[in-house]
1. Check region A:284-294 and report whether any residue there is within 22 Å of the chain's Cα centre (by Cα) and in a helix (DSSP H, G or I).
2. Output the residues belonging to region A:89-105 that are within 8 Å of chain B (Cβ to nearest Cβ) and either over 18 Å from A:V33 (Cα atoms) or modelled with pLDDT under 85 (or both).
3. Being more than 11 Å from ligand 3 (Cβ to nearest atom) and farther than 30 Å from B:M397 by Cα is the requirement here; does B:D3 meet it?
4. Those residues that are more than 14 Å from every other protein chain (Cβ to nearest Cβ), farther than 30 Å from B:L126 by Cα and away from ligand 1 (no atom under 16 Å from the Cβ), I need them from region B:4-43; list them, please.
5. So, in region B:44-76, exactly how many residues are closer than 19 Å to B:V24 by Cα, of a type in the set (A, V, I, L, M) and more than 8 Å from chain A (Cβ to nearest Cβ)?
6. Any idea which of (1) away from ligand 3 (no atom under 16 Å from the Cβ); (2) under 26 Å from A:S103 (Cα atoms); (3) touching a residue at least 24 places away in the same chain (Cβ under 8 Å); (4) surrounded by fewer than 24 Cβ atoms within 10 Å (Cβ to Cβ) is the one B:P45 doesn't satisfy?
7. Condition first: surrounded by fewer than 23 Cβ atoms within 10 Å (Cβ to Cβ) and farther than 25 Å from A:S129 by Cβ. Can you find one or more residues in region B:60-73 that meet it?
8. Please enumerate the residues belonging to region B:354-397 that are more than 14 Å from chain A (Cβ to nearest Cβ), more than 16 Å from ligand 2 (Cβ to nearest atom) and either buried (at least 21 other Cβ atoms within 10 Å of the Cβ) or under 19 Å from B:W310 (Cα atoms) (or both).
Amino acid sequence: MPDPTLANIVALLLTAALAAYVLFAGADFGGGVWDLLASGPRKARQREVIAHSIAPIWEANHVWLILAVVLLFTCFPAAFARLCIVLHIPLSLMLVGIVLRGSAFVFRSYDTAEDRAQRRWGRLFAIASLLTPLLLGISIGALVSGRVVELDHGDFVARFVDPWFTPFSIAVGLLTLAVFALLAAVFLTLETTDPELVEDFRRRALLAGVSVFATAFFALVLAPGGAPLLHQGLLASTWAMPFHVLTGLAAIGVLAALWLRIYRLARLAVGVQVLCIIGGWALSQYPYVIPPDLTIEAAAAPRATLRLTIIVLLAGAVVLLPSLIYLFRVFKSGPADRPEQRAQGG
Amino acid sequence: MSDLLAARSQMAMSLGFHILFAVVGIGLPALMVVAERRWQKTGDPVYLELAKRWSKGAAILFAVGAVSGTVLSFELGLLWPGFMKFAGPVIGMPFSLEGFAFFTEAIFLGVYLYGWERISRRAHLLAGVMVAVSGAASGIFVVIANAWMNSPTGFDLVDGAAVNVDPIAGMLNPMAFQQTLHMTLAAYVATGFAVAGIHAFLLLFDPENAFHRRALAIALLVGAPAAVLQPLSGHHSAQVVAEYQPAKLASMEAHFETGPRAPLLLGGWPDMDAKVVHYAVPIPGGLSFLAFNDPDAVVKGLDRFPRRDWPYVPAIHFSFQLMVALGTYIALIALWGAWLAFRRQDHASHRWFLRALALATPMGFIAIEAGWTVTEVGRQPWVVYGILRTADAVTPMPGLIVPFLGFTLLYCFLGVIVVWLLYHQIIRSPRPTEWSRRYSPVRADRA
Ligand code: HDD
Ligand code: HEM
Ligand code: HEM
């Protein structure tokens with residue numbers, strides 16, 4: 001028998017894993033966006049900082065997604081099955097993006113230093129970094145809009161394309177891309193000590209911050225028609241107002257901190273902002289894993305599975321968190337420049 | 001191509017691709033750690049160069065393994081939603097544990113690859129050990145999930161759904177032990193002999209090269225013991241299969257008729273309609289003996305199963321014979337190597353030994369693909385043996401040939417590039433400037 005309390009705990013952990021994926025891997029994908037948009041006299045150095053900040057950690061960051069998927073299919077198997085059927089196309093395309101991004105990135109690191117090879121892999125890496133957030137966002141957009149339902153009638157388009165190919169989903173896709181780009185740019189301001197580069201990333205962060213506002217606005221305008229449930233959840237319920245205020249304050253805080261060049265504060269604020277967005281999404285959708293009909297409780301696996309999963313997650317966290325902190329301490333304790341450069345730079 | 005066939009082909013292709021990288025992800029860190037340890041003990045720069053080269057290889061292969069593994073996690077649902085809906089709660093546990101093993105592996109690989117200048121020598125070696133251990137652990141967990149598909153336990157079947165689920169009992173299923181043991185050994189055999197084979201080949205042209213000599217010694221150290229154990233573990237596997245999946249055993253051996261004193265067939269091509277095997281060499285009583293330790297034991301043949309429950313016999317019989325043949329060859333070479341070591345002869349100067357090793361380069365990987373073909377195709381038509389048919393698990397999405405071809409092309413592209421990069425970045429002899437080229441006496445090698 002499913003157990004509502006345990007099911008809710010697992011749902012919370014699942015949201016947390018997804019939030020960790022967006023915060024950490026999101027910034028890695030955003031780095032790809034800025035690699036694509038690198039420009040100006042310091043183009044090559046921008047790309048180098050991006051590569052060095054991603055290299056040691058992207059694979060660890062990527063595992064959050066796998067953890068989320070595993071939690072989903074272990075604890076909410078019915079939801080996993082339905083998502084995979086209805087969103088087969090965007091999820092498959094997202095996988096292509098994930099494969100190309102990861103492999104192009106290592107290929108670039110280990111191919112010859114020759115310019116042509118580097119540019120070719122760089123381009124592929126950057127384009128794939130655009131594709132994945134866009135499709136992830138589109139899938140999330142389809143989920144919140146309550147269109148992920150299994151039809152056993154209707155033609156191919158009605159069953160496998162219409163659920164996700166909507167203006168609202170695409171707006172959420174663009175919002176996701178903008179959020180990832182913002183995260184990356186804010187984090188990158190702390191990855192280098194070169195004042196000119198810091199300034200480059202600051203300008204990019206401001207630009208991304210404004211794009212987040214724009215795309216969020218766009219999505220909200222489409223929400224009443226595109227995602228009525230989300231719309232109601234975000235406007236009608238009692239918790240909505242304080243949440244909006246907090247999200248808004250964090251968003252303004254990011255821009256203000258960037259404007260005043262207080263980069264550590266900007267990093268904190270952007271984290272809060274992203275957590276608020278994800279929290280808002282999760283709360284507006286509660287108690288459904290897949291709106292409008294599949295609830296957390298109805299989709300949940302038997303009690304024995306839920307309980308064991310929670311125990312394993314807690315035990316795993318005891319090993320994992322210290323290791324993760326160690327990883328970040330080793331590589332994020334200072335700007336991730338090449339050792340040779342540090343030696344030269346003094 | 002039907003959608004079901006396209007889905008099966010895509011799954012087989014994705015797994016067949018991923019397993020190559022997963023195996024290296026288990027085996028190569030072991031080589032890397034041995035090399036680094038020897039460098040720390042002897043101060044010989046060749047060992048350091050080896051550790052660095054291998055870790056570069058591990059970085060490339062690990063990344064491709066990670067992304068192709070991510071594809072697999074999604075494909076379980078994208079292609080087999082019916083399977084996941086049924087099995088998720090029971091086999092989610094090994095997958096969750098595997099998730100933690102990946103995390104540990106990815107974290108410490110990052111530390112290992114980029115931490116040469118940033119952490120102490122001891123911490124660095126320890127990071128390598130963590131990579132090797134968590135790599136083996138992730139392989140073990142996922143194979144436990146696969147073993148459950150072969151011998152499902154830990155639930156009761158009521159109206160087609162799993163109830164009274166006990167994930168721990170699911171993990172302790174009867175096939176789990178032999179499959180994980182055989183797979184883990186296979187990873188060390190395949191990686192060890194692929195590396196040994198490559199360096200043996202290069203030694204044929206450059207016999208004094210200390211880089212290749214030391215690489216050969218380390219690769220044999222990791223690969224040879226596993227290679228000797230592998231046929232024993234495989235024999236044990238076959239006995240467990242005989243007990244729990246008699247239809248699979250009958251297909252492996254192309255054994256159509258139930259009876260005592262069942263012969264072991266060497267070679268041959270089974271004809272499923274005529275129920276005979278053409279061109280095979282029979283060893284009377286051999287199968288009965290291997291499966292049940294008794295030449296007179298009765299071995300169930302395919303005649304005990306309705307025709308719709310037969311897997312495709314020729315593929316399984318052929319793959320099984322191929323795996324055993326390759327496994328025997330590799331084990332014999334390992335024994336030869338042990339004999340040379342016992343006689344205190346120099347492996348790296350024995351040209352026939354080097355030639356035999358060079359020939360074995362791809363064999364471990366071919367045996368792995370063949371072994372998985374036996375396991376997976378031999379389980380058909382079931383995805384969960386005896387409980388859920390593959391045809392009932394497949395997604396209702398039509399046009400599955402498109403993703404199948406798409407991912408096949410993508411993987412071909414990746415495969416070509418990986419091979420090219422490995423050749424240029426890792427295998428090619430280092431230029432003399434990269435370390436002082438000098439030949440050290442063999443005795444020092446063995447110390
Ligand atoms: C280096 C690779 C390698 C080598 C040399 C061998 N095998 Fe193997 N074999 C595998 C790699 C492998 C594998 C790919 O790892 C499989 C697939 C599933 C599994 O657990 O291991 C496998 C499966 C497998 C199975 C089926 C298990 C099942 O369906 O659950 C049997 C009966 C054997 N093997 C038997 C043998 C024998 C008698 C060998 C004698 C030399 C042998 N294998 C060598
Ligand atoms: C017997 C078969 C398998 C073995 C031995 C195996 C083993 C491994 C290993 C050792 C890795 C680490 C990456 C590397 O070193 O290249 C890996 C990666 C991965 N595997 Fe597999 N795997 C197998 C099959 C599968 C299957 C069926 C799935 C799907 C559920 C899967 C999912 C993954 C995932 C998600 C990763 C990426 C982890 C990361 O990002 O580090 N694997 N696998
Ligand atoms: C990495 C080594 C593996 C290889 C090479 C492999 C190979 C295959 C092959 C050849 C098929 C197609 C069967 C057919 O067409 O008759 C298949 C199917 C499948 N395998 Fe595996 N397999 C591996 C490991 C695993 C593992 C560890 C799992 C764990 C869950 C798994 C799950 C599946 C599923 C769900 C199917 C689809 C259903 C079916 O056709 O039976 N495989 N695999």
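1. yes
2. Selection gives A:L91, A:S92.
3. Values: more than 11 Å from ligand 3 (Cβ to nearest atom): yes; farther than 30 Å from B:M397 by Cα: no.
Judged against the criteria, B:D3 is not a match.
4. B:L4, B:L5, B:R8, B:S9
5. Of the residues in region B:44-76, 5 are closer than 19 Å to B:V24 by Cα, of a type in the set (A, V, I, L, M) and more than 8 Å from chain A (Cβ to nearest Cβ).
6. Result: B:P45 passes all but (2).
7. no
8. Residues satisfying the conditions are B:L354, B:L357, B:A360, B:M363, B:Q380, B:P381, B:W382, B:Y385, B:G386, B:I387, B:R389, B:A391.
The values are calculated or read from the model by the stated rules, or taken from the named source; none is laboratory data. Because the structure is a prediction, the values reported are computed rather than measured. No Cβ is skipped: glycine too gets one built from the backbone with ideal geometry, and neighbour counts run over all protein chains shown.
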